[in-house]
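Everything below concerns the one structure shown next.
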Amino acid sequence: HAFAKHKLLNPRIWDREKIKRPYDKLKMPNFYFDDEEAEALTTYLMSRVSPLVHDSLKVGTEGTRANAIARGRDLTRLLNCVGCHDIEDNAPTVQQYFRLKQSGQQVFDSVNAPPSLWGEGAKLQHPWFHDYLKNVEPLRPWLRIRMPSFNLTGDEATTLVEYFAALAQQDATNLHDEIAPISQYIAEAESKTDAAQDGATPGSDWYEQDTLRDNAANLRDWSLRRRLMRPGELDPVTTAPKRFKAAHAKLLVRAKFMSKLYDVSYPFVEPHRPLSSSERFELGGQFFNDMGCLKCHILGSMLPGPAKTTDDFVNVTVFLDRPPTLQEWTTIEVQAQDLSGNVIPNLGDLGPGIDEGDRVDIGALPDDVTQDGLVQPVDLTRWQQYYNGQTQPPKGEIALYIDTDRSGEIQPLDLLRFIQLFNGNGFATRVWLGEQMNNTRP
């Protein structure tokens, strides 16, 4: 290793202090590699030689969790899954194309980007995941980016399923190792006292103990990377001591829960399910539709409104030739076709609040940020949360909710206009706080 690296850094290093004729000197040119480049080339060259390690000295990993992670990690990099998904705290390159402007800063648009796959092995049923990898279908068809099908073999799909299951199991083990000494300290503290002193729970100061500082730091770092806690909750500078202690109690509860959740069994065997009667199946389908579940979710290939399958899904933009009347619902009837050119039938009025394929209901109520048909103090709170990036709206871009003056840019003036509408002063002509739609959605 040392010979190759020094040779790359200075190709004629072995001519030093030797008397040679010019044509007898070493011929390799000097590429002026820096230390990192020379180290990379040396590593590559050394990897081209079979290791001189006897089989008796090798550690057998076949059938182990480490082997499942290594094989899956190799395949996810070969397929470039890491280019779109955050799997093991990697930085997907596609994220650079998903940015939102909030408070004058560019932030990551996690709502419309490919999802993070932390703990995915504990969230999915393994047989379903195996079939999905072999036949990828859009789960969020409104996105502008779609996961491709890789024509995986059965063994390759199994490798990925095992990989994500093993990652979840590894997370469970790591969490258990961090939590175990904390639980032991709390148990010992509880055994030494019969009642809480000064209203404090015995052992609640575990994060302040010298022997547990590393465990506390690791759990804090883990919870922030997994977005289970907000940074402000775990900042001792800006958080009051009482709230800081409460935040660590919440952190420990969530870490214990995730430790149990991630401790999945593999291979997963789906439990036996008793057959239900057709009457109960129909009742469940009716309840499913009445609750409007398809407004947000996909069941198989079923989609809400005119799109009946994922192949029929298309985004439509409606332009109005006049502003809608305030506090009144406006129904726009349309003549729509699916992607195959088939006319979507006019089903008529299906009842209040039900999405209909041949019409669009539009309502205008100033300052109704939550879009629940009522202007109330929570709308101001939600406006500030959207502006500060503390939460994301359920659909669409943030500007659709908080660009009060409709200038196309979110700025502090929008908050001033919002408060003026709220209180009925400034440019506002009336007080909108407490106002609601004059009737229910048709």
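What follows draws every value from the coordinates through simple rules; no lab data is involved. Remember, predicted model here, so these are calculated numbers, not experimental data. Note: ideal-geometry Cβ built from the backbone for every residue, glycine included; neighbour counts use all protein chains shown.
Work out how much length I419 to E17 would gain on full extension: take 0.36 nm times their residue separation and subtract the Cα-Cα distance, in nm to one decimal.
136.5 nm
In the structure shown, do any of K250/K395; K101/K123; K123/K256; K5/K58; K123/K242 have a Cα-Cα gap over 22 Å, and if so which?
From the list (K250/K395; K101/K123; K123/K256; K5/K58; K123/K242), the Cα-Cα distance tops 22 Å for K250/K395; K101/K123; K5/K58; K123/K242.
With 10 angstrom as the radius, rank H6, H126, H54 by how many other C-beta atoms surround their C-beta, starting from the fewest.
So the ranking, lowest neighbour count to highest, is H54, H6, H126.
Name the residues whose placed amide hydrogens come within less than 5 Å of the amide hydrogen of D358, ignoring near sequence neighbours (fewer than 5 apart) on the same chain.
L347
From zero outward in steps of 20 Å, how is the percent of C-alpha pairs of the chain spread across the bins?
15, 39, 33, 11, 2, 0
Using each residue's phi in segment 16-28, evaluate 6.51 cos²θ - 1.76 cosθ + 1.60 at θ = phi - 60° and report the 3J(HN,Hα) Karplus result to the nearest Hz, with x for Gly and Pro.
Rounded to whole hertz, the list is 4, 6, 10, 8, 9, 6, x, 7, 8, 6, 4, 9, 4.
When every alpha-carbon pair in segment 1-48 is counted, what percent end up more than 12 Å apart?
The share of Cα pairs beyond 12 Å in segment 1-48 comes to 63 percent.
Summing +1 for each Lys or Arg and -1 for each Asp or Glu, what net charge is found among the other residues whose Cβ lies under 11 Å from the Cβ of D368?
The answer is -3.
Give me the net charge of L100's neighbourhood, meaning all other residues with Cβ under 15 Å from the Cβ of L100; Lys, Arg count +1, Asp, Glu -1.
Neighbour charge sum, excluding L100 itself: 0.
Please report, for the Cα atoms of segment 6-164, the Rg to one decimal and the Dmax as a whole number; what are they, in angstrom?
24.0, 74
Using the Karplus curve 6.51 cos²θ - 1.76 cosθ + 1.60 with θ = phi - 60°, what ³J(HN,Hα) values do you get for each residue of segment 206-213, in whole Hz, with x for Gly and Pro?
Along segment 206-213, the couplings run 4, 6, 8, 6, 4, 6, 10, 4 Hz.
Could you please rank F164, F319, F33, placing first whichever residue has the fewest other Cβ atoms within 10 Å of its Cβ?
Ranked by crowding around the Cβ, least crowded first: F319, F33, F164.
Cα to Cα, under 20 Å, and not fewer than 8 places away if on the same chain: which lysines meet these conditions relative to K20?
Candidates past the 8-residue exclusion: K7.
Tabulate in residue order the Karplus-calculated ³J(HN,Hα) for segment 131-144, using 6.51 cos²θ - 1.76 cosθ + 1.60 with θ = phi - 60°, rounded to whole Hz; enter x for Gly and Pro.
Once θ is set to phi - 60°, the couplings for segment 131-144 become 5, 5, 5, 7, 9, 6, 10, x, 8, 10, x, 7, 6, 8 Hz.
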